[in-house]
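Below you'll find the structure, written out as structure tokens, and then a few comments.
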Amino acid sequence: MKAEVNGLNEKVVKMLAERKMTVSAAESCTGGLFAALITNVSGASEVLNESFVTYANSAKMKYLGVKGETLEKHGAVSYETAFEMADGLRKNTGADVTVGITGIAGPTGGTKEKPVGLVYVGICVMGETEVKELHLNGTREEIREGTCKITFENIANRIENITKVQ
């Protein structure tokens, strides 16, 4: 599979390296694709701190500090879980940029309330966490790739905005 992110992974790695920033990821529905796209770029070792595939709820709790109450009340695929994934990863790794991705890539697993293609991406940049709710269409691979592309776009925009503010 060749993920289509149109060079956004290279742009983000370059931006992070230029600013001497690090990134860590906690992925569920993307299954490590986001981290793989970073490591496809020469120089990734300068920026990639560490990465986890936290598919099971127990892994989300163990490695990221996602609360059991959050998972019970809102489910693994939720704004709240994505927020806690990104924020917990920041606390545990100290990376400048952390990403928490959770969603339903399909083709099975969707419900009326949470259909296939629903993805939440928590992105924490320098301690400020935001969550994006995505509604994607396509195959499992297309949903995973689309999630990564949008995540890279958001990281690039957030880093550019922080740089302008300083």
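With only Lys, Arg, Asp and Glu charged, each at its Cβ (+1 for the first two, -1 for the last two), find how big the charge dipole of the range 8-165 is about the Cα centre; round to the nearest 20 debye.
With only Lys, Arg, Asp and Glu charged at Cβ, the dipole is about 60 debye.
Taking the Cα centre as origin and putting +1 on Lys and Arg beta-carbons and -1 on Asp and Glu beta-carbons, what dipole magnitude results for the range 86-162, to the nearest 20 debye?
With only Lys, Arg, Asp and Glu charged at Cβ, the dipole is about 240 debye.
With θ set to phi - 60°, apply the Karplus curve 6.51 cos²θ - 1.76 cosθ + 1.60 along the range 84-97 and write out the HN-Hα couplings as whole Hz, x wherever there is a Gly or Pro.
Per residue, the Karplus-derived 3J(HN,Hα) values read 5, 4, 5, 5, x, 5, 4, 5, 7, 10, x, 5, 6, 10 Hz.
Starting from the Cα of K11, draw a straight line to each of the lysines and keep only those under 23 Å, dropping any in the same chain fewer than 8 residues away.
K2, K20, K132, K149, K164
Please report the base-10 log of the normalised intensity I(q)/I(0) for the chain, using a Debye sum with one equal scatterer per alpha carbon and no solvent, at each q in 0.14 (1/Å).
-0.64
Just so you know, all these numbers are worked out from the coordinates, no wet-lab data involved. Since we're looking at a predicted model, the values are computed, not measured. Please note: Cβ atoms are built from the backbone with ideal geometry, for glycine as well, and neighbour counts cover all protein chains shown.
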